[in-house]
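In what follows, a single structure is set out as structure tokens and then discussed.
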Amino acid sequence: MLWPKLARNLLSRPRTDPPVTPRPEVVAALRDRLAEAGQRRLGRSLAIRHVDAGSCNGCELECHALGNVAHDLERYGLRFVASPRHADVLLVTGPLTRNMAEALLRCRAATPEPAWIVAAGDCAVDGGVFKGSYAVLGGVEEAIMPDLVIPGCPPTPTHILEGLVALLEANAG
Amino acid sequence: MTAAALLTTGAPTACAPWPRVVLDRAAWIALRDAPGLDLLALWGAPGFAHAAFLDRAALRVVLASLPAPEGRFPALSPGRPGAVLFERALHDLWRLTPEEAVDARPFLDHGRWPLAGPLSARPAPQAPEAPPMAFLPAEGEGVHQIPVGPIHAGIIEPGHFRFHVQGETIVRLEARLGYTHKGTLSLMLGKSPRAAARFAARLSGDSTVAHSLAFARAAEAAAGVPAPPRAAAIRAAMLELERLHNHLNDLGFIANDAAFAALHAECGWLREGLLRAQHAAFGHRLMMDRVLPGGVAQDLDAAGVAALRGALARIAAALPGLLRIYESHASLQDRMVGTGVIPPALRDAFAPGGVVGRAAGRAFDARVLNGEMAAEAMPLHAAGDVDARWRQRHAEAGIAIARAEALLAALPEGPLALPLPAQGGEGVALVEGFRGECLAWVMLDDGGLIEALYLRDPSWLHWPLLEAAAIGNIVADFPLINKSVNGSYSGVDL
């Protein structure tokens, strides 16, 4: 039965990790780049639309892990949304394949301004190990310029959170 | 003609551990309905079509080739529906035309690569304007289409689903894949197995250990150098850990797609504990790039073993409770039981591996073939629906824990890796990943570099079965069915 477990959980300490703190220089650098308009409009929350531009699905596993009880993405005011029309951030993973380039551009066009582009994972940064393939254009920047890059193969949920929280704080500050 | 008789008609090559037989045209055509053989894969090389089968009775892999100097070969799809996607990809990548093929539409090639047939001896210039994808039709009063993707509403790989729907009921579903085609095979050609291993590790990230291990075993077989015992044991333990964290993921996400968040949260928590232990033990949460041709990239120390065993013990203690919660909520059962059924006729026609096959009653696990597990130890929830696939994963998670525990408790001492000699050879391997059997076939040239290869994810046979299982269900149940099958996009897109 689920009820005894729920009751126990109400009385026990949360399993959630202590919050991550981004490095100050990352926050400062981002603060300079982001328009003040964003802060006025968005306050302290960001809606994220994830786009897989051709990944091996390793990055997707770690993006999923952001939502588990240990990382608990939503306590920072961050949440994944189902449509680019609701998004402030496009979180792009994977090398940009030729077969996905048009879909990514259409997704960007459907995202209202201001929108920030985050390239997560080595492949999204510059194509990663798939750089130079006939089927791959390179990193996300081959289609749209990222505002923030989060390297790693795949980046850990903690690294992704650091990047996203930095974006949030730079935006709010 | 029986499998054994067919094989005596051709010239065997020195592929290890199972020879590859070069057949003539008549014997190849006989493969369309040779009894006792299940199709594993069909792929190409310049001037050749290759096929891999499982010989069910002899529990061995059968490799067959047909020279195709004119760029044509008789299709196997007239007798084997599982060959359809392979043949479409074969044409896209190697420009070999399957004669009498059931389906001649492009698959991985969307008309966006600079060259057509990028893996063929002479790629052709791409046609300037690719015709739009022609989806299979469905006709009848009130039938309408729902196009979904390639970008889906969740955190998931890209692919296009075309539903034909009558009211709420799915009449036909077709998945168009290829969006994540990265040219993985082409990047591996001409490299040493060690240098190419990072691409096998990224064929499908969730199966990074399984594909790395299949590739490593095939390269080791080709070079005639088996991995040392300690490396073999660490790799086998990693394979079970990977199976476990993925099964936990699926158990949670299937429940989540039925809006039952508590199981999802609990499975996510248990899985996170395992990933952290894996990070402590191997320096990488998903254990990527830790399996190498010749052995393993790093040792597993006592602290790492202790971290892993701690995580395994916590999961083992929680597993029975997960099943009790699953079984005691009618709202959950109502969504699972009888949903997305893969009927016995389709199971037999496609012979899918892994959880999808076993949960439909097909008793095959590559660990039995490799002597790593007894056939009678394999659970079989044979109903073929979402419920059977959930229960099958739950049962197999328990077995993965027991196997990982046993391996970690008795790691032999010795070297971690052996160098592979720079010499020619050919090897094949079949490794049971969490989705099913991963096949790798590698041919090395005289310098020990990769001359030809193929990596096959079990999802090749799961995607067409997902399309079939969705028919007759309501659209709202599709995410549930899709999650319970959990095909890899990247693994098939190559």
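Within the range B:187-215, residues that are open to solvent by less than 10 Å² (accessible area, probe 1.4 Å) reach partners that are basic (Lys, Arg) with beta carbons closer than 6 Å, at six or more positions or on different chains, in the pairs B:Leu213/B:Arg235. When restricted to residues that are modelled with pLDDT of 90 or more, away from chain A (no Cβ under 14 Å) and open to solvent by less than 70 Å² (accessible area, probe 1.4 Å), the range B:95-133 contains 7.
Okay, residues lined up against (1) within 26 Å of the chain's Cα centre (by Cα); (2) in a helix (DSSP H, G or I); (3) within 20 Å of B:Leu480 (Cα to Cα); (4) not polar (S, T, N, Q):
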residue: B:Ala265; (1), (2), (3), (4): no, yes, yes, yes
residue: B:Leu270; (1), (2), (3), (4): yes, yes, no, yes
residue: B:Ala277; (1), (2), (3), (4): yes, yes, no, yes
residue: B:Ala303; (1), (2), (3), (4): no, yes, no, yes
residue: B:Arg314; (1), (2), (3), (4): no, yes, no, yes
residue: B:Pro320; (1), (2), (3), (4): no, yes, no, yes
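Restricting the search to the range A:128-145, which residues are open to solvent by 40 Å² or more (accessible area, probe 1.4 Å), closer than 14 Å to A:Ala101 by Cβ and within 9 Å of chain B (Cβ to nearest Cβ)? Spell out how you get there, then give the answer.
Initially, the range A:128-145 is screened for residues open to solvent by 40 Å² or more (accessible area, probe 1.4 Å), giving A:131-132, A:134, A:137, A:141-142, A:145.
When the remaining residues are screened for being closer than 14 Å to A:Ala101 by Cβ, the result is A:134, A:137, A:141-142.
Correct list: A:Tyr134 only.
Output yes when any residue across the range B:454-476 is under 23 Å from the mean Cα position of the chain (by Cα) and over 30 Å from B:Leu251 (Cβ atoms), and no when none is. Yes: the range B:454-476 contains one or more residues that are under 23 Å from the mean Cα position of the chain (by Cα) and over 30 Å from B:Leu251 (Cβ atoms).
Please indicate, with yes or no, whether at least one residue in the range B:156-164 is under 24 Å from the mean Cα position of the chain (by Cα) and at pLDDT below 95.
Step one: list which residues in the range B:156-164 are under 24 Å from the mean Cα position of the chain (by Cα), which gives B:156-162.
Narrowing further to those that are at pLDDT below 95: B:156.
Yes, because at least one residue in the range B:156-164 is under 24 Å from the mean Cα position of the chain (by Cα) and at pLDDT below 95.
Table: residues versus (1) surrounded by fewer than 22 Cβ atoms within 10 Å (Cβ to Cβ); (2) facing chain B (nearest Cβ under 10 Å); (3) at pLDDT 85 or above.
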position: A:Met1; (1), (2), (3): yes, yes, no
position: A:Asn9; (1), (2), (3): yes, yes, no
position: A:Arg33; (1), (2), (3): yes, no, no
position: A:Gly43; (1), (2), (3): yes, no, no
position: A:Ile48; (1), (2), (3): no, yes, yes
position: A:Asn57; (1), (2), (3): no, yes, yes
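Is it the case that A:Ala82 is of a type in the set (Gly, Ala, Ser) and modelled with pLDDT of 95 or more? So A:Ala82 fails the test. If the condition is being open to solvent by 10 Å² or more (accessible area, probe 1.4 Å) and either under 19 Å from A:Gly58 (Cβ atoms) or among the aromatic types (Phe, Trp, Tyr) (or both), then the range B:251-270 contributes B:Phe253, B:Phe260, B:Gly268, B:Trp269.
Yes/no matrix, rows are residues, columns are (1) open to solvent by less than 20 Å² (accessible area, probe 1.4 Å); (2) within 21 Å of B:Trp94 (Cβ to Cβ); (3) among the acidic types (Asp, Glu):
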site	(1), (2), (3)
B:Leu7	no, no, no
B:Ala14	no, no, no
B:Leu23	yes, yes, no
B:Ala26	no, no, no
B:Leu31	yes, yes, no
B:Asp38	yes, no, yes
B:Ala41	yes, yes, no
B:Ala52	yes, yes, no
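Checking the range B:229-250 against the condition returns no match, with no residue being touching a strand residue (DSSP E or B) at 6+ places or on another chain (Cβ under 9 Å), outside any helix (DSSP H, G or I), at pLDDT 95 or above and crowded, with 24+ Cβ neighbours inside 10 Å.
Scan the range B:326-337 residue by residue and report those that are open to solvent by less than 10 Å² (accessible area, probe 1.4 Å) and within 14 Å of chain A (Cβ to nearest Cβ). Walk me through how you get there before you give the answer.
To start, the set of residues in the range B:326-337 that are open to solvent by less than 10 Å² (accessible area, probe 1.4 Å) comprises B:326, B:332, B:336.
Once the filter is applied, which keeps residues that are open to solvent by less than 10 Å² (accessible area, probe 1.4 Å) and within 14 Å of chain A (Cβ to nearest Cβ), the range B:326-337 yields B:Tyr326, B:Leu332.
Might you let me know whether the range A:80-101 holds any residue that is open to solvent by 10 Å² or more (accessible area, probe 1.4 Å), more than 11 Å from every other protein chain (Cβ to nearest Cβ) and touching a residue at least 60 places away in the same chain (Cβ under 8 Å)?
Taking the range A:80-101 and keeping what is open to solvent by 10 Å² or more (accessible area, probe 1.4 Å), we get A:80-86, A:88, A:98, A:101.
Applying the additional criterion that residues be more than 11 Å from every other protein chain (Cβ to nearest Cβ) yields A:85, A:88.
Add one more test, that the residue is touching a residue at least 60 places away in the same chain (Cβ under 8 Å), and what stays is none.
No; the residues of the range A:80-101 include none that is open to solvent by 10 Å² or more (accessible area, probe 1.4 Å), more than 11 Å from every other protein chain (Cβ to nearest Cβ) and touching a residue at least 60 places away in the same chain (Cβ under 8 Å).
Of the helices (runs of 4 or more DSSP H) entirely within the range B:134-227, those holding at least 1 residues that are under 21 Å from B:Asn249 (Cβ atoms) and within 14 Å of another protein chain (Cβ to nearest Cβ) occupy B:208-223.
Evaluate the following for B:Glu396: is it touching a Cys at 6+ places or on another chain (Cβ under 6 Å), within 30 Å of B:Pro464 (Cβ to Cβ) and surrounded by 14 or more Cβ atoms within 10 Å (Cβ to Cβ)? Steps first, please.
Working: touching a Cys at 6+ places or on another chain (Cβ under 6 Å): no; within 30 Å of B:Pro464 (Cβ to Cβ): yes; surrounded by 14 or more Cβ atoms within 10 Å (Cβ to Cβ): yes.
In short, no.
The values are calculated or read from the model by the stated rules, or taken from the named source; none is laboratory data. What you are looking at is a predicted structure, and each value in this text was computed from that prediction instead of being measured. All Cβ positions, even for glycine, are placed from backbone atoms using ideal geometry, and neighbour counts span all protein chains on display. Accessible surface areas use protein heavy atoms only, side chains included; no ligands, DNA or RNA. Shrake-Rupley method; radii C 1.70, N 1.55, O 1.52, S 1.80 Å.
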